[in-house]
Amino acid sequence: MKALIPAAGLGTRFLPATKCTPKELLPVLDKPVIQYVVEEALEPEGVDGVVIINSHEKPQIESYFSVDHAFETMLRERGKKEEAARVHAASTLPVSFVYQDEARGLGHAVLQGADEIDGEPFFVLLGDYFVPGRQMCVRMAEVSKAHGGASVIAVAPVPEDQVSRYGIIAGECVGALPGTDAQGEQEGAVWKVTGLVEKPSPEDAPSHLFIVGRYLLSPRIMELLATQGPGAGNEIQLTDAMERLLDEEEMYALVVDPSEGCDTGTPAAWAATNARMALDDPSQLEAFLEALGEKGERFVG
């Protein structure tokens, strides 16, 4: 099984920083964002490789995941053996690349990985959100297994006055993860999806659950994407193909806590994620608070 990570976007929210450095390589502490996503993608049993949908304008990402023997040798010669080991571990992760050189939407990006999935179910992980504990996709795989290998999406509740900003699912709660008694829109609840509604008004919203950015999809979705016409923004939308998939196959949704993950999609969110990760890492906490000086008192209250 493969996991796909779309990464061909220009990162315009981070300009001018992303003029030379892809936003996926911006660091969170000592690792770039995309490495966290790759490591998360490899966590579920059966995932043996990650396919990054890249742009030819961003060769730095491919370079990052390639072995640089000269650089590693230089580090070791300077006594930086631990650093060399971490560099080598990152560059030998099972990552391959396909390319999307036209900005034609998420569905079009996912379609570029069609030849890589080999007719098997596959994960899609959006690259500006990662889960440090790496268990969200693992739980999604459990739900899929319990329902005959059906597609599963991660969803989370959003306040009623914000549903018009998101794609919202329709359906009903049909159970919960083993070991939980979650119901309705509580974390751990499992829904059978009957529809996907893009940015509904609060009064028309069939639920308060939006797609978080983690998908476990049937290979049939690739065939549907190949014939999918343009949708919102004149782009090929993954949700449009998913709606067509619902006419043929069952689909389920796992309710998650969105704060389980870390958002890096905007400069403010990226900065907050760095702070959060530093506060949660004993090896970084003291240095982080010292660097903040008096302002560090705000973080420890």
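The values are calculated or read from the model by the stated rules, or taken from the named source; none is laboratory data. Just so it is clear, the model here is predicted, and its values are computed rather than measured. Here Cβ is always computed from backbone atoms with ideal geometry, including for glycine, and neighbour counts include all displayed protein chains. Calculation scope for accessible area: heavy atoms of the full protein, side chains included, ligands and nucleic acids excluded. Shrake-Rupley method; radii C 1.70, N 1.55, O 1.52, S 1.80 Å.
Just how many % of Cα pairs in segment 89-202 lie over 20 Å apart, if you round to the nearest whole percent?
Working: 3643 of 6441 pairs.
Result: 57 percent of Cα pairs exceed 20 Å.
Please list Met136, Met277 in order of solvent-accessible area, largest first, computed with a 1.4 Å probe with all protein chains present.
Descending order: Met277, Met136.
Would you please give the FRET efficiency between Arg165 and Thr92, computed as 1/(1 + (r/R0)^6) with r the Cβ-Cβ distance and R0 = 35 Å, to the nearest 0.05? Mind dumping the intermediate values first?
Details: r = 40 Å, r/R0 = 1.14.
In this case the efficiency is close to 0.30.
Report, to the nearest 10°, how far helix 282-292 tilts away from the longest principal axis of the Cα atoms in the chain, using its own Cα long axis and a range of 0 to 90°.
Between helix and principal axis, roughly 80 degrees.
Could you derive backbone 3J(HN,Hα) for segment 169-180 from the dihedral phi with the Karplus parameters 6.51, -1.76 and 1.60 (θ = phi - 60°), listing whole Hz in sequence and x where the residue is Gly or Pro?
Taking θ as phi minus 60°, the curve returns 8, 10, x, 8, 6, 10, x, 7, 4, x, x, 10 Hz for segment 169-180.
Rank Phe71, Phe65 by accessible area, highest first, at a 1.4 Å probe radius? Show your work: numbers first, answer last.
Details: Phe71 90, Phe65 15 Å².
Heavy-atom accessible area, descending, gives Phe71, Phe65.
Ignoring ligands, DNA and RNA, what percent of the accessible area of the chain is carbon or sulfur (1.4 Å)? Intermediate results must be reported in sequence, preceding the final value.
On the way: 7350 of 14990 Å².
Result for the chain: 49 percent of the exposed heavy-atom area is carbon or sulfur.
Expected output is a single nm value to one decimal: the length gained when fully extending between Glu102 and Asn234, i.e. 0.36 nm times separation in residues minus the C-alpha distance. What is it? Spell out each step's value before the answer.
Working: separation 132, 0.36 × 132 = 47.52 nm, distance 1.25 nm.
Full-extension gain reported as 46.3 nm.
Please quote Rg/Rh for segment 1-118 to two decimal places, taking the Kirkwood radius as Rh and restricting both calculations to Cα atoms. Intermediate results must be reported in sequence, preceding the final value.
On the way: Rg = 15.2 Å, Rh = 15.3 Å.
Value, to two decimals: 0.99.
With both bridge residues required to lie in segment 1-138, what share of the DSSP beta bridges run antiparallel, to the nearest 5%?
Numbers: 2 of 15 bridges.
Antiparallel bridges make up about 15 percent of those DSSP assigns within segment 1-138.
At 0.36 nm per residue, and after removing the present C-alpha to C-alpha distance, how many nm does the segment from Asp181 to Glu250 gain when stretched out fully?
Numbers: separation 69, 0.36 × 69 = 24.84 nm, distance 2.27 nm.
The Asp181-Glu250 span can extend by a further 22.6 nm.
Which of the lysines could a cross-linker bridge to Lys192, judged by Cα under 29 Å and excluding same-chain residues fewer than eight apart?
Straight-distance partners of Lys192: Lys2, Lys145.
Between segment 176-199 and segment 1-50, what is the separation of their alpha carbon centroids in Å?
So the separation of the two Cα centres works out to 27 Å.
What angle, in degrees between 0 and 90 and rounded to the nearest 10, separates the Cα long axis of helix 267-280 from the longest principal axis of the Cα atoms of the chain?
The two axes meet at around 70 degrees.
If you average over every viewing direction, what projected area does the convex hull of the Cα atoms of the chain give, in nm²? Write down the numbers at each step before the final one.
Details: hull surface 71.1 nm².
Computed as one quarter of the Cα hull surface, the answer is 17.8 nm².
If you take every residue apart from Lys23 with its C-beta less than 15 Å away from the C-beta of Lys23, what net charge results, scoring Lys and Arg +1 and Asp and Glu -1? Mind showing how you got there, number by number?
On the way: positive: Arg13, Lys19, Lys31, Lys58; negative: Glu24, Glu57, Asp128, Asp263.
Charge balance near Lys23 sits at 0.
Considering the options Tyr36, Leu25, Val47, tell which one lies farthest towards the positive end of the dipole of segment 1-69, charges being +1 on Lys and Arg and -1 on Asp and Glu at the Cβ, about the Cα centre.
Leu25
With angles folded into 0 to 90 degrees, how steeply does helix 81-91 sit against the dominant principal axis of the chain? Use alpha carbons for both and round to 10.
Tilt relative to the chain: about 30 degrees.
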